[in-house]
Amino acid sequence: MEPTEFCERELLQHNLFLYTGPAAQAEIKSPEFSGLRWIRPGALWVMPQGSRHQVRFERNVEGVALAFDPATFDRMVQSSDGKASMPIMHSLNVCPPAINHLMRALMHESNDPSTPDGIALECIATAIALATCQHARAIATTTKTGPRLAPKQVRAVQAYAETHLHQQISLADLAATAGLSPFHFLRSFKGSLGSTPAQYVLDRRMERARHLLRVSALTVSEIGIGVGFEDVSHFSRAFRRAVGVTPSAFRNSAQQ
């Protein structure tokens with residue numbers, strides 16, 4: 001399981017990448033987002049022309065990639081009665097079902113084309129362009145109106161979560177750390193970190209567990225309790241959903 005690294009670059013085309021491999025952690029450096037982030041099957045990374053980023057995946061990358069020349073992208077959208085005046089936005093989120101289906105159809109058609117002249121590929125690509133533009137409009141609307149935490153609040157919440165991973169962490173606890181009501185904290189947190197507080201805490205628990213499985217002699221049960229789970233069965237189920245393998249299988253693979 002070798003890491004995959006992409007050096008910093010400025011994109012000349014619109015790039016879409018649908019991640020299909022097992023859940024993996026990636027270290028991302030870009031103006032839009034910098035830091036560690038879990039990439040799960042079904043994540044869609046939209047990277048418009050001119051965006052810059054550097055990324056290092058902890059494992060081999062599996063997925064479907066598609067690049068559009070910006071002029072061709074606009075022409076495809078307009079030919080489908082769409083509006084190309086809204087530029088696509090940089091985002092890394094769960095892929096909308098329609099785009100997920102189309103990207104997988106594109107991969108299938110690329111491997112086994114049904115027509116010799118490539119018209120099926122062009123039709124699928126046009127549908128993807130239109131769906132991506134529509135998705136970008138929804139993303140832009142959300143990010144313009146959604147509240148965000150101040151950097152000081154983000155640091156305080158992250159520090160609290162790291163210190164209390166072995167305990168039960170409630171939404172009220174995190175909201176109080178940020179000095180907000182649970183309702184306003186929930187909206188602001190997602191606008192700042194791109195996930196719900198519950199998902200963020202789970203991600204941090206899984207990362208702590210992965211580290212302990214690699215370097216410690218603690219049992220799987222002890223590690224599960226140490227990252228906030230009541231028993232080993234709950235921990236094992238959560239770990240397998242997040243990472244794709246059981247804690248024992250992960251430890252065996254990491255120690256080989």
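The values are calculated or read from the model by the stated rules, or taken from the named source; none is laboratory data. These numbers were taken from a predicted model, which means no experiment stands behind them. Neighbour counts are summed over all protein chains in view; Cβ atoms, including those assigned to glycine, are modelled from backbone coordinates with ideal geometry. For accessibility, only protein heavy atoms count, side chains too; no ligands or nucleic acids. Shrake-Rupley method; radii C 1.70, N 1.55, O 1.52, S 1.80 Å.
Segment 154-256 holds helices (runs of 4 or more DSSP H) entirely within its bounds, and those carrying 2 or more residues that are among the hydrophobic types (A, V, I, L, M, F, W, C), within 26 Å of Ser91 (Cβ to Cβ) and open to solvent by less than 70 Å² (accessible area, probe 1.4 Å) map to 171-178, 182-193, 197-215, 232-243.
Residue-by-condition table, conditions (1) assigned to a loop (DSSP other than H, G, I, E, B); (2) open to solvent by 80 Å² or more (accessible area, probe 1.4 Å):
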| residue | (1), (2) |
| --- | --- |
| Arg9 | no, yes |
| Asn15 | no, no |
| Leu18 | no, no |
| Ala26 | no, no |
| Pro31 | yes, yes |
| Gly35 | no, no |
| Gln49 | yes, yes |
| Asn60 | yes, yes |
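Just one of the listed residues (Arg137, Arg148, Arg104) is at pLDDT below 70 and either among the basic types (Lys, Arg) or closer than 28 Å to Leu186 by Cβ (or both), namely Arg137.
Tallying residues that are closer than 23 Å to Tyr160 by Cβ and out of contact with any Pro (no Cβ under 9 Å at 6 or more places or on another chain) within segment 223-248 yields 9.
If I filter segment 62-71 down to residues being open to solvent by less than 40 Å² (accessible area, probe 1.4 Å) and hydrophobic (A, V, I, L, M, F, W, C), which single residue comes out as farthest from the chain's Cα centre (by Cα)? For segment 62-71, the residue satisfying everything is Phe68.
For segment 229-243, a residue qualifies if it is free of Cβ contacts under 8 Å to residues at least 24 places away in the same chain and under 21 Å from the mean Cα position of the chain (by Cα), and the qualifying residues are Arg237, Arg240, Arg241.
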